[in-house]
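Asker: Take a look at the following structure, please.
Only the coordinates and a few stated rules stand behind these numbers; no lab work does. Keep in mind that what you see is a predicted model, and the values were worked out from it rather than measured. Quick reminder, even Gly has a Cβ in these numbers, built from the backbone with ideal geometry, and neighbours come from all protein chains shown.
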Amino acid sequence: MQKFVSIQSKVIPLKMNDVDTDQIIPAQFLTSVSKEGYGANLFSRLRKEDPEFPMNKPEYKGAEILVAGYNFGCGSSREHAVWAITDAGIKVVIAESFADIFFNNSAKNGLLLIQLPKEAVEKLQKCDGSVTVDLESQTVNSSNGDSFKFDYDPFRKYCLLGGLDDIDYILSYESEIDSFRSANTRDWMKIGTEPRKKAATMA
């Protein structure tokens, strides 16, 4: 997982509430066991239905920040929704609120979710310049002069800043785990110890 420190980008204004995971990545595209390739079908149905959908517009090409309404990521628990967003190059989603399962899936896959009040969200959606997101200081600043602080879980912040998923975090304590295991392993717990060999011989 890549380390996240700060990014500066235009925002994609998605002025919608209750965006569910099937809208993010429709079920017919869930055909791969890999995380790659889902970005091409991000919001596929919405993009086909509405030529004016933000992600159809060239001015938002390459933008890394998506700003939506409330209850973003509701619906099913599919992790593919997060994979589609990150595979499309989006690194931050800002919204009034998020579905719990989607929030947890995002944190484990390097996607930063920022919850801000409605007024802040609306200001960012109207920003015609760039927005800077800094995780270290937990701030969002726009070229329009707006500045917002956001809360974020300290553990998840540590993992994102270090580029650690859950497995990486555990492995970062490998030496401590090995030391603990060595100090607390008894002879009867060791495979192939002498007592076991003798018992096998006697049998």
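Asker: Checking the cross-link filter: which lysines have an alpha carbon closer than 19 Å to that of Lys149, excluding same-chain neighbours under 8 positions apart?
Answerer: Lys10, Lys91, Lys118, Lys123, Lys126, Lys157
Asker: What FRET efficiency would be calculated for the residue pair Lys149, Tyr70, taking the C-beta separation as r and a Förster radius of 22 Å, to the nearest 0.05?
Answerer: On the way: r = 19 Å, r/R0 = 0.87.
Working from the Cβ atoms, E equals 0.70.
Asker: Taking a label point 7 Å from the Cα of Glu136 along the Cα→Cβ vector, which residues of the range 105-120 have an amide N closer than 17 Å to it?
Answerer: From the range 105-120, the list is empty.
Asker: Once both labels are modelled 7 Å past Cα along the beta-carbon direction, what's the Asp187-Thr31 spacing in nm?
Answerer: Distance between label points: 6.1 nm.
Asker: Out of the DSSP beta bridges found with both residues in the chain, what percent are antiparallel (nearest 5)? Working shown, then result.
Answerer: Working: 11 of 23 bridges.
Looking only at bridges with both residues in the chain, the antiparallel portion is about 50 percent.
Asker: According to the Cα gyration tensor, what semi-axes, each the square root of 5 times an eigenvalue, does the equivalent ellipsoid of the range 6-162 have, listed from largest to smallest in whole Å?
Answerer: Values: eigenvalues 104, 71, 38 Å².
So the equivalent ellipsoid measures 23, 19, 14 Å along its semi-axes.
Asker: Take the Cα of Lys61, step 7 Å along the line toward its Cβ, and report every residue of the range 82-115 whose backbone nitrogen sits under 20 Å from that point.
Answerer: Label zone hits: 85-91.
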